[in-house]
Every structure is written in structure tokens, then in C-alpha cells.
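Chemist: My questions all concern the structure below.
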Amino acid sequence: MTLTNINIPRLQLEGMTKIYPAVIANESIDMTIAPGEIHAVLGENGAGKSTLMKMIYGVIKPDRGRILWNGEPVDITNPAHARKLGIGMVFQHFSLFETLSVAENISLAMEDYGSLDDLSRRISEVSEEYGLPLDPGRMVHSLSVGIRQRVEILRCLLQQPKLLIMDEPTSVLTPQAVRKMFATLRRLAAEGCSILYISHKLDEIMELCHSATIIRGGKVTGYAVCAEESAASLARMMIGRELPTCSRKRPDVEGQECLRVNRLCKIAADQFGTSLERVSFSVYSGEIVGLAGISGNGQQELLYALSGERPVADRGAITIDGESVGHLNAAQRRELGLGFVPEERLGRGAVPGMSLSDNGILTAHRHGMVRKGLLDFGRAKRFAQKCVTDFTVKCGSVDDLITSLSGGNIQKFITGREILQQPKLLIVSQPTWGVDIGAANIIRQAMIDLRNNGSAVLVVSEELDELFEICDRLLVIARGRVSPSVKVEKTSKEEIGLWMSGMFPGGPVDTNKARELQSEGCCVD
Amino acid sequence: MRDAVLIKIEPRPEPSRVMRYCSPLLAALLMLISGLIIFTLLGKNPVEAFHAFFVEPINDFYGLGELCIKASPLMLIGTGLAVGFRASIWNIGAEGQLAIGALCGGAVAVYFNQSSSGFILPAMISAGAVGGMLWASIPALLRTKFNANEILVSLMLNYVAILLLAMLVHGPLRDPDGYGFPQSVLFGESATLPIMIEGTRLHVGVLLSLAGVVAGWVFLEKSFTGYQIRVAGGAGRAATYAGFEYNRLIWIGLLAGGLAAGVAGVMEIAGPIGQLLPSVSPGYGYAAIIVAFVGRLHPGGIFLASLLMALLYLGGESGQMNLDLPSAVTGIFQGLLLFYLLAADFLVNYRIRTKSSQQEGN
Amino acid sequence: MDLSLVLHIMVAAVAAGTPFVFAALGELVTEKSGVLNLGVEGMMLVGAITGFIAMAKSGSLLLAVVSGMAAGAAMAAVFGVLTLTLMANQVASGLALTIFGMGLSAFLGLDYTSFALPGVAELHLPLLSDLPVIGPLLFSYDVLVYSSVVLFVAVSWFLYKTRAGLLLRGIGEAPESAHALGYNVIGIRYLAVLFGGAMAGLGGVYLSVAYTPVWVEGMVAGRGWVSLALVVFATWRPLRVMAGAYLFGGITIAQFHVQGFGIEIPSQLLSMLPYIATIIVLVVISRDQQTIRLNSPASLGKTYHPENQ
């Protein structure tokens, strides 16, 4: 073992380049991280952050460029090699095996660990030490998303990493849990571990990181010392202009109750799912209601029930405009004025092997595109064209395959397709996941405009900032239960954060008991 | 630095439409080249054997008629199967559905053996259609009610159907004056498909198959249900999202195959065979799977692929007669054709690039 | 019914079930890695004829086994190239493999049609084989039957007691995760596919060389497909594969015994039994979707594109 010299950077990247057939993902990226430094890699969706991290972790090979590890040039051939060097990575989309236990999962990332029992003991020790309690015998599919991330983090910590890469780690955490994780990361940094923190959330970076590399369109657009910057100046570097904002002004009219969910219960089909317990809420015409929550708390199940993809037995549990629709399928509910944008765009909201025009037919066919059982393709094309024009979808023509579009443009097309049908009720899940800031703004504005035209809108999102920006009222879902609603002006991210961990009146965690626990310094997941 | 030529395989930004149509042609070409190699390995003069296998069978009018007769069931079944395959419903039970169709149609012919009514043929064809659909409705029912895998169920039913046909031809449907041979009476004129062109065996059933292909084209390419089938096959969850009833599409997909195979079965016994035998198909039900794939699940392509596949059948017979080539070679060609197609499809999504490595910096 | 008849039936069921043991265990390992190879029937056929020819030419059982396994693995390799390297649809590729195998085996077997082999003698184990009841029931088989049991133990041990088995299950569950951890998903799947092919080939050899040592075209007669159904029936667990295999062995031979009881049933009706039983078994097990979902490898049948990462 060589002694770590404080003057030698832990990691140095020189001219890292990765070219894909359609895009240059990374172009000549240079970056330096010192031991014990928390360094942010900042950029909007699709800027090339993940590609860069995967090159460092040896998942993909750079086309050009050089990596220096503790001053020595290295050619990181695969993740096992990276781990041997002391690089750990916590993935955004976890790399876990659901049907295996925690210990088995961790063992697959270790070179030698003795027996599974030995490993389980070490997992317990280390998890205690870092205040991240974890039962090594549990099956991963029975764990919440937050705990799964803990498994990923522990898997890295067990190898005593010198560099820890965290890819968008906070999207699965409540604001309170984020703070706790930051404490753990600071402690690690104090012990000498360098941390590469990838995010597009400016306030988090300002709070946690020492320095930052900003990437836009695959290139470095700036380096920053966080203490010397403001959120606004970082944003300018990130997107090259001021952050766009939506015009929020709303007509002050009382709307009719449009969607009503009345004690909706649904037992999960299997143990990978969450059961819904007596979910009740309403959405009125002319308002946007946001549903916040950590993913995996029943959002999927609720959305399947609301959209009609999985009808429920109790037909009165869901009403649209006073009509019971619980038993109806998705097409029948659309006849009643429902529009729905799911979070999975390809494969659910759109068919990958089809053109834009054909994908328009998917839900818009009921607007005169079918005559005597035959399709009117001309009409379908005109509809798709309008969608492309109105929502500034960047594409060659409406005959292009939908897969040839970027994530943001696909989302604009699907959202456009639903909005152009003038739904009375629009349900949107994760409207801006993986979408660049420009497209995100167009989509948010479109939802606001729809509301202003008198439609009811329900938005399900994991991004609290987004919900606070566009919603009139907020709901929180935790472990299959939905909180009472609260006006946006009358709440705070703190309160919503607590609610997200289940601590709301009638929520899965008893409020009094939770307070007790909190005062003892325990974290409620 | 030498400018060594590197071969690089990379994903295409968008699937190539040109390659989608070229890959079946490429597959056919590769199969023909393999044919030359196989003939050589078998100790035959490759050119001569090639001629005997692929040219001789169709160098006269009679041969062309035979080609159409063989292609007829293949194009019809292939189109029916394509309806299911497009929805990712894998009906591989066409062989059994064909046998049951033949059995039902044949039963009608045997029962009305003395009659010369003009309604017998339509009745046979209807009976065959119903029989094929009933047989296909078993996997459809088990799939929609119990989620039983339609691949395995439809395949198992092939064995059952062929045994059932054999049992009945050995039993109640046997020709009482047939010296105990397991075969039915020879069908009368009223139960036989009329010949269209003198000097060939080309019967009117070929027209029926062509009509089936056209109907399949309209249904698959132009109808809303055809669109729903494409969605269900391309992304099942998108079909649920749109509110298309998946179970209905499963039924349609399987019944279309059963209908086509059942009718094809009747056309075999009322056409070239002329009676019921324990075995009525040289594997058309399986070959039609290949036809459907090579035809890109598109009726137009299926039409062309059925001609190629028919030629393989004829070539096998001709090669056996003229050159003592084993007819089992046909099966090898069929398998190879599908292999090559699946392999060539790689080029739809990927491209191979050669580039010189001069500018390589490290 | 007297004891010796019961014993006789049970012994015959084990022998008739052994081809299923080989083929289904192989397919189990393939499917555990997330690959669905529907070409078992074709691989068994090619294994059967290759082993048959080797046996006929050399008289060596070992050579027959080795060549049959190699032939099955070679067929599986073609499937591997198509589905793993060229990323073709697994269902279509499996069907192609079966159709090709039917043609190839018929072609290779032309000169051997109705050619008979001497068969494989039972192993006589001193003392053990002479025990009453236990002797005939457990110790009256040929060496291939014993090796199928050994292979069952080996496969169970591998899947559940070794790190490599854990990895294989992990890859079938979440290939992207395994890739992100640095494992060679494609390479490991190749090994699983090849193993499945070799086992199917061995099942074929057992059929053509030991069980009914006469070459008949298409002699596998759907056993490959039944093996595929057995894996589903067993909900991807080796012990249940074993039990299911012997159950089906019992159904296969039942047809010979029903007639022995003097019941007049057309032979074709009895021959349908195993196929109808397969369908019934599939229906019964598929009704419980939750068990299927919990036990089937999550990535089964899905094409893995490494560059999607």
C-alpha cells in the first residue's frame, strides 16, 4: 500500500470521450477529484453524466481519454476491476436482484467473503457502524426503495471504497432522509473517501458538495467551487440560460368534483406490489392536484386502478363526473373524458416499433379515425402533425419511428396526444422524468393551461419541487395510504417530507409514536 | 500507423426499413448457397443437383401447377398464423388444426358419399373451418381462462389431432371395401375441388387461398382490429393502456390460424389427395410457421415465401427421383432458411462498418 | 394387483421418465439464466441420431453419450449465436431449432431406419440388486439412469449451494444488474444454453440407445416439448422436475399396461395420454399465476441488449 499523498488527486480524467452512432455522449471531459472531496457532477437529463460515471466504473469503455487513479494511469476494464481499485458505485436504477436476499446480493459484488454467514455478520456490523440498519437475511423484493438504496450503499462500504459514485441518489428519499444520507456522506469524506455526486438538483449540490463540474451536451461547461456560487449561477452553467418558469396565474373559479376516489382498496397481486388501503380523495375541475410520495408506495397500483388498466371490483370506488367507473377498462374510461400519461413512455404510453402517426391512433382513434372497422390513416397523420406542431416535438416527420426521438420529445408527444383530446380529467405520472429542462417546462405549462381551461389534473411525481411549482393542492401516498389534501400555500417541503414517511393523520405511521421515535433520533423509513 | 481496416458492429440509430425487406432475400440466397455446399458434400455435382432441385420441378406447365398446389395451403395457413404471431400469440398447432379440418371435411364427404349435390364442397369447407377453429379454441380457452402457455398446448394438440385422425381412419371412416387399408373411400366428383387448367392438378382451392391472403392483408394492414393486434404484439402493456381487450385479440389470433389451417386441410383431401388418409400433410403446419416469418408476417411477403417453400417441397421430391437425393434434405433447407432469416435480421438493427484506424490516438 | 406388477410398472416408469430428467434438467438450467430455448425437441432428435450412429459404428456407449451430448450442444450453440449474439427472438429461434433438428435427424438417420442396437445392459450391483423389492426398484437400471440421478444432485447443488449457481439465478433475474456489477451476462448465458443442449442430447441418446434401441424417424415424439412443460410444472425447481419426469414416465408406460388388463381401447387413444396429461398439468399449474411469477426467472425469454446500458 502506498501512502496517500494529499497532493496527488484521487481521480483525474483527461479527455474522456464516448461516441454513440447518433450522439456524442461525452466529449473531451477533464475532471479532478481530491481525496476526501465531495465533488458534484451537475447537468440536466441527457447531458452525459451517467455515461461518464459508467466509464469510471468500467461498465462501458471510453473511445478516447485517460484515467489517472492516485496519479497512476489505469485502464479500468470492468466493474470488478474498479471495485478492486477502491471505486464503489450506487446506481440510479439499482443493480439489485429482487428474489435474492440482501446478503446474497452483496456477495455477488464481493471477491471473497468467506461464507454467507460471515458476510451477514459483517453486513450487520458495518450497517450498525454507519447508522444504516439492515437485515441481511431479508429478500430484496420485500424492502422499500429507500432500504434498497441502503443495500447498494452498504455493498460499496463493505469494500472500504476510496471513491464513491452516487448517481441521483435522493430521488428515492424524503427530505429528512436526504439530510441523514448527507451526514453519512460527510462522515465518509472526513474519513478520506472521495465522493462523486451526480445530480440535477441545485440546492442539494449547494448544500453538500465542495466543488462541481458542470456538463452540458456532453461537454464540460464549467468548474465551480460551490461556496462561491449561487443556485442561479450554477443553473446558467447547466442550461446556458436562465431557468425558465411557468406562468401560473389561474382563474379563481370553484370547479365541479371531477374525479372521486372513495375508499378504494386493492390487495396487491403479489409480494412485489403494495396494497391500497381505503384510498379516498377528489380532484375538481380547474385545479391541479399533486400526489407526492417515494416510489414503490402504491403509486403504480393506484394509477393502474385509476387508468382502468386494472379495473377494481368495487365500481363505486372510482367515479368520473359522478359516474361509477371502477369496473370499466381504460378505453371505456377514456370515453368519459379521461386522459392518462403513464411514466413508462415506451412500451406503455407508446409502442416502440411504430411511427408517431400510428402511436397517435393508440388513444386518439376514437376521434373519427375509425370508419366501419377500417382506419383512416390520413386523419391519423393530421392528428400527429398537429401534436408535433403544438407541442414543438422535434422529429423528421410523423412517419418516423417513435424510438428515434429523445426522451423529452417522446414525452411531449404523448402528453400532447392526451391533451389534444381535451380530456375532462388528465392524470399524469412523472411528467418530467428524464426530460430536459426545456421540454419539462413546455409540459408543465401545458398542464397549467389545461387546468385554466377547466379540466381537472392529477399529477403523480417524485419531484417535490415540481409539485410545489405547479400544483394547487397536494396529497401524499405512503405504504398504500393517501393523506388528506393540503393547499400548497399552507404546507412546506418539511411537512410533506414527514408525510412521505407515513406520518400523516390516518397514515401508516401513528403520528404520536412517530414523534416519540423522532425525539429519540430514530429514522422512520 | 498502418491503416488497418477495422470491422465495427454498431447499433443503427433507427431500424433499417430497407434491411427489413432485404433480409428474407439474403436468407433465401444463403440457403441456396448452403444447398450447393450440401449437394457437394453428398457427392453430387452441385450445379446438376441445384438444377434438379430448384429448376426442374417448375420448368413446365404441370410443374408450375404443382408449385401453386403446394404453395396454396402454405400461404393460407401462413396468413392465418401471421394474425396470431403479430399479436405475439404463438400458435404452433396448425399441423393439428389442419388434421382436424381434414377430418371434419372428410367426414362430411364420407357421409354424403352417394350425393352429387353442389352443396357438398361448401359443406366440407365449412366443416373444416369449424373443426380447425374448434381445435384452435382449446389453446385460446386455456390461455385466456387459465393462462396456460399456448405454445405448449397447441403443440401437444398436434400429436393428439394426428392420433385422432389416424384412429378414425382406422375405424369408422375406413373404406369398408378397402381391404382393411387405413383409408377412406375415394371422394366423388361432388366432393372434389374442380381442376382449373387441363393437364395440371391446379384446383380452384388455390383461388380460395389467394382470397384468404387478400382478406388477411386488408384485415392486418387496414382494419382497426389489425392495428390492435400489432399494438398487442409490439407492446402488450400499451394495448392494456389503450384499453384494447387482450383476451379478444388472443381469441382472434388463434382462431384465424385454426380457420386457415382447417380450410387448408379440406383443400388437401378434396384436392390432390382425394380421400382421407391417416396422414394428410407433409408438415405444412410447421412449414407455414417458416413461411409466416420469412414473409415478415405480411400477407404479400407470405405469398412469395409460400412459393419458395413450395419449391423446396417439390425440389425434395424431384431430387429424390432424379438424383437419389434424400427428400429429408427439404427439412434441412426449411430449418436453414429460418436460421438465416433470424440471423440476417440482426442487420435490421445493427450495421457493420469498416473503417481505417489511422486516426486512432492511443 | 400383485406386488411384482406394481414393481414392474414403477421400474418401467423410472426408465421411461429418464429422458425427461435429462432434457428438463438441462432446460431448467438454461431457463434459470433467463433464456427460453424451445428447441429441446430438435436437440434431442439430433442427439439421439448422433448417439445412435456412434453406438452402431463403435459399439461404445461412452462414445455414443459423448457424441450425442456434443451434437446437442452444437445445436444449442446455433441457438446461442442467434439469440445471444445476434439478439434474435428466442421463441422463433427455438422453433427454428426444432424444425431444423427434425430435418437433420431424419436426414442423418436415413441409412439407419429400423436398424436395431443391442441396447444397454442393466448394472448388476452385488448384494444390492438382489435385495427383495428394494433391489429391483432401486438397483436394476442401466448406467445412464444412475447418471441422471447423479446429474440431478449435481444440478441442485450447483444452483443452490454454489456462488456460480447464485450468479446464474441472478442473471436470470436481472441481467442488467449483473452487467452493472461487471459480470459477462452473454458469456454465462452461453454456458447455460450449451449445458441445456448437451443434456437434451443426452436425453436423446438415452432414448435411441438404451430405452428403445431402434432408430425411427421422429422417435423423440414430443418428449422435448413435454420436458419444456415439465420445467413450468416444476416451477423451476429441480426436485419437482425429477418428480414430474417420473410421473410422466408413468403416464407414458400406462398405455402398455391398460391393454394388459384386457381393456379394449384403441391404441391411438392411449398414445394421446401423455400429451393430454401435459395439457392438464399445464392448466393446473398455470392457474396459480403468483407461484409462476415468483419462481420463473424474471428475464425469461427477453432479449438482452448489452448496449442499452
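The values are calculated or read from the model by the stated rules, or taken from the named source; none is laboratory data. The structure presented is a predicted model; accordingly, all values stated were derived computationally and were not measured. Heads up, the Cβs are rebuilt from the backbone with ideal geometry, glycines too, and the neighbour counts pull from every protein chain shown.
Chemist: Which residue out of B:N158, B:N147 is under 29 Å from B:W251 (Cα atoms) and within 19 Å of the chain's Cα centre (by Cα)?
Modeler: After ruling out the rest, the residue left standing is B:N158.
Chemist: Looking at region C:169-191, which of its residues are under 19 Å from C:N295 (Cα atoms), more than 11 Å from every other protein chain (Cβ to nearest Cβ) and either of a type in the set (V, I, T) or touching a Lys or Arg at 6+ places or on another chain (Cβ under 7 Å) (or both)?
Modeler: Passing the criteria: none in range.
Chemist: Of all residues in region C:106-122 being of a type in the set (G, A, S) and under 30 Å from B:L325 (Cβ atoms), which is surrounded by the most Cβ atoms within 10 Å (Cβ to Cβ)?
Modeler: Per the criteria, the residue is C:G109.
Chemist: What do you reckon, is A:A292 of a type outside the set (F, W, Y), more than 12 Å from every other protein chain (Cβ to nearest Cβ), in contact (Cβ under 8 Å) with a residue 40 or more places away in the chain and more than 30 Å from A:S492 (Cβ to Cβ)?
Modeler: Here the answer is no, as A:A292 does not meet what is asked.
Chemist: May I ask you to list the residues in region B:134-164 that are of a type in the set (S, T, Y) and either at the interface with chain C (Cβ under 7 Å from one of its Cβ atoms) or more than 21 Å from C:A221 (Cβ to Cβ) (or both)?
Modeler: B:S137, B:T144, B:Y159
Chemist: Across region B:91-100, what is the number of residues that are of a type outside the set (A, V, I, L, M) and either closer than 10 Å to B:L165 by Cβ or surrounded by fewer than 24 Cβ atoms within 10 Å (Cβ to Cβ) (or both)?
Modeler: The qualifying residues number 1.
Chemist: Any idea how many residues of region A:62-91 are within 26 Å of the chain's Cα centre (by Cα) and surrounded by fewer than 17 Cβ atoms within 10 Å (Cβ to Cβ)?
Modeler: 0
Chemist: For region A:225-235, give me the residue count where each residue is crowded, with 17+ Cβ neighbours inside 10 Å and farther than 20 Å from A:A189 by Cα.
Modeler: Qualifying residue count for the region: 3.
Chemist: Just name the residue that is nearest to B:A49 (Cα to Cα) out of those in region B:18-37 that are more than 20 Å from the chain's Cα centre (by Cα) and small (G, A, S).
Modeler: So, considering only residues that are more than 20 Å from the chain's Cα centre (by Cα) and small (G, A, S), the one nearest to B:A49 (Cα to Cα) is B:G35.
Chemist: Quick one: which helices (runs of 4 or more DSSP H) sit completely within region C:123-215 and have at least 1 residues that are within 20 Å of the chain's Cα centre (by Cα) and buried (at least 18 other Cβ atoms within 10 Å of the Cβ)?
Modeler: Hits in region C:123-215: C:143-161, C:163-173, C:185-205.
Chemist: Continuing with the same structure: Of the residues B:P172, B:P176, B:P182, only one is within 14 Å of chain C (Cβ to nearest Cβ) and free of Cβ contacts under 8 Å to residues at least 60 places away in the same chain; which?
Modeler: Testing whether each residue is within 14 Å of chain C (Cβ to nearest Cβ) and free of Cβ contacts under 8 Å to residues at least 60 places away in the same chain leaves just B:P172.
Chemist: I'd like to verify a number: residues in region A:388-406 that are among the aliphatic types (A, V, I, L, M) and within 13 Å of chain B (Cβ to nearest Cβ), how many?
Modeler: So the answer is 3.
Chemist: OK, next. Out of the helices (runs of 4 or more DSSP H) lying entirely within region A:297-387, which hold 1 or more residues that are facing another protein chain (nearest Cβ under 7 Å) and surrounded by fewer than 16 Cβ atoms within 10 Å (Cβ to Cβ)?
Modeler: Answer list for region A:297-387: A:330-335.
Chemist: Run down B:L186, B:L259 and say which single residue is within 13 Å of B:G80 (Cα to Cα) and not aromatic (F, W, Y).
Modeler: B:L259 is the lone residue from the list that is within 13 Å of B:G80 (Cα to Cα) and not aromatic (F, W, Y).
Chemist: On to the next question. Of the residues C:T85, C:T98, which is of a type in the set (V, I, T) and under 18 Å from the mean Cα position of the chain (by Cα)?
Modeler: C:T98
Chemist: Here's something else I'd like to know. Spot the failing condition for A:S285; the list is (1) over 25 Å from the mean Cα position of the chain (by Cα); (2) of a type in the set (S, T, Y); (3) exposed (fewer than 14 other Cβ atoms within 10 Å of the Cβ), and only one is missed.
Modeler: (3)
Chemist: Let me ask something additional. For region C:250-309, what are the residues that are in a loop (DSSP other than H, G, I, E, B), free of Cβ contacts under 8 Å to residues at least 12 places away in the same chain and within 11 Å of chain B (Cβ to nearest Cβ)?
Modeler: Selection gives C:I265, C:P266, C:M272, C:D288.
Chemist: Among (1) touching a Cys at 6+ places or on another chain (Cβ under 8 Å); (2) under 30 Å from C:S267 (Cα atoms); (3) not charged (D, E, K, R), where does B:L202 come up short?
Modeler: Here B:L202 meets the rest and fails (2).
Chemist: Ok, one more. B:A211 is checked against (1) without any contact (Cβ under 8 Å) to a residue 12 or more places away in the chain; (2) farther than 24 Å from B:W135 by Cα and fails just one. What number does that condition carry?
Modeler: With (1) without any contact (Cβ under 8 Å) to a residue 12 or more places away in the chain; (2) farther than 24 Å from B:W135 by Cα applied to B:A211, the lone miss is (2).
Chemist: Now for a separate question. Anything in region B:227-239 that is in contact (Cβ under 8 Å) with a residue 12 or more places away in the chain and either in contact with a Leu (Cβ under 8 Å, 6 or more places away or on another chain) or basic (K, R) (or both)? List them, or say none.
Modeler: Those that are in contact (Cβ under 8 Å) with a residue 12 or more places away in the chain and either in contact with a Leu (Cβ under 8 Å, 6 or more places away or on another chain) or basic (K, R) (or both): B:Q228, B:I229, B:R230, B:V231, B:A232.
Chemist: Please go through region B:190-249 and pick out each residue that is within 14 Å of chain A (Cβ to nearest Cβ) and small (G, A, S).
Modeler: B:A215, B:S223, B:G226, B:A232, B:G233, B:G234, B:A235, B:G236, B:A238, B:A239, B:A242, B:G243
Chemist: Examine region C:217-239 for a residue that is in a helix (DSSP H, G or I), more than 14 Å from chain B (Cβ to nearest Cβ) and hydrophobic (A, V, I, L, M, F, W, C), and state whether such a residue exists.
Modeler: Checking region C:217-239: at least one residue is in a helix (DSSP H, G or I), more than 14 Å from chain B (Cβ to nearest Cβ) and hydrophobic (A, V, I, L, M, F, W, C).
Residue-wise test of (1) surrounded by fewer than 15 Cβ atoms within 10 Å (Cβ to Cβ); (2) at pLDDT 95 or above.
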position	(1), (2)
C:L239	yes, yes
C:Q268	no, no
C:P274	no, no
C:R293	yes, no
C:A298	no, no
C:K302	yes, no
